[in-house]
1. I'd like to compare 38-47, 131-140: which one has the highest average count of other Cβ atoms within 10 Å, and what's the full order after that?
2. Order 86-94, 60-68, 25-33 from most to least packed using the mean count of other Cβ atoms within 10 Å.
3. Taking a point 7 angstrom from the Cα of PHE237 along the C-beta vector, which residues in the range 133-149 have backbone N less than 11 Å away?
4. Sorted by average packing, counted as other Cβ atoms within 10 angstrom per residue and highest first, what order do 154-160, 243-249, 112-118 take?
5. Quickly work out the ALA187-to-ASP132 label distance, labels modelled 7 Å from Cα along the C-beta direction, and quote it in nm with one decimal.
6. Quick one, could you list the DSSP H helices from the chain stretching 18 Å or more along their long axis (Cα atoms) with average Kyte-Doolittle hydropathy of 0.0 or above?
7. Pop a pseudo-label 7 angstrom from the Cα along the beta-carbon direction at both LYS91 and TYR149 and give the gap in nm to one decimal.
8. In what order do ILE37, ILE97 fall by count of nearby beta-carbon atoms within 10 Å, going from fewest to most?
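FYI, it's all coordinate maths here, none of it is from the lab. Since the structure is predicted, the reported quantities are computational estimates derived from the model, not experimental observations. Glycine also receives a Cβ, built like all others from the backbone with ideal geometry; neighbour counts cover every protein chain displayed.
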Amino acid sequence: MTIRKITCAVAALALAFAVHAAEAAEIQWFGQSALKITTPGGKVIIVDPFITKNPKTPKELKDLKKLGKVDLVMITHGHGDHVGDSVEIAKMNNAKIVLNADMGRTFATLGWIGMKQLVRINKSGPVKPIGDGITITMVRAEHSSEVVYTDDKKKQSMHPGGEPAGYIIKLEDGYTIYHAGDTGVFADMKFIAEYYKPDVAFLPIGGWFTMDPTHAAYAVKNLLKTKTVVPFHYGTFGLLKGTPAEFKAALGNFPTNVVVMKLGETRTFK
Ligand code: NI
């Protein structure tokens, strides 16, 4: 091999590595359970976009136009701090919303959004609503779900929100994200870990409505054993008292990489 050929091969390798490095997933946290996932292929997925009314979302991120192009919206359950701005974002981008089938029907019958813009699914039925590269599977969550509608006179009515859920999001390069939604501990977390092999798990730790730090640590140590864990759904309201420090302490020296994100921060996951 000539020097020139070797140089070319090294350059090609470097380029391949650079391209690969740029292909990792970028995830931005808006507080509570709101994530913006930019996939290696450049698709943008928003999960549980509680943004404009989220007391912890940094002010400069509250303008929904600043999200840029959004390809898909996903909602784990019907509570207001998860439904958030989902309908508005979907309409702004002509993007579809993935949600449980029953909550989807509620959204449509309330006139919030047309059925055609909804991807109404249920657990263990993988879908690919934005192309073959990305697979979304709804998984169990131990929680509740209801949709509250407030009419013009500020009178509220309750509507079926189907069952709460978490999601497994498998990206183009195989990187797999587990967004647990709101949940308590449940033994099927072991199934989720074994079957989907998530690379990262976003887990609620705030307590009261979801796992507290001790329960979340139990779930990681005994059921999920995920390599990387990001705590979320804490500190947004006074009742959600659990902290990442308590979560870390409860994990002890268990070999999981705990990534504590700052509000509004974007991180690369690979
Ligand atoms: Ni909830």
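1. My ranking of the peptides, most packed first, is 38-47, 131-140.
2. 25-33, 86-94, 60-68
3. none
4. Numbers: 154-160: 10.4, 243-249: 17.0, 112-118: 15.0.
Highest to lowest by the protection proxy: 243-249, 112-118, 154-160.
5. Once both label points are built, they end up 4.0 nm from each other.
6. 3-22
7. Calculated label separation equals 1.5 nm.
8. Ordered by Cβ neighbours within 10 Å, fewest first: ILE37, ILE97.
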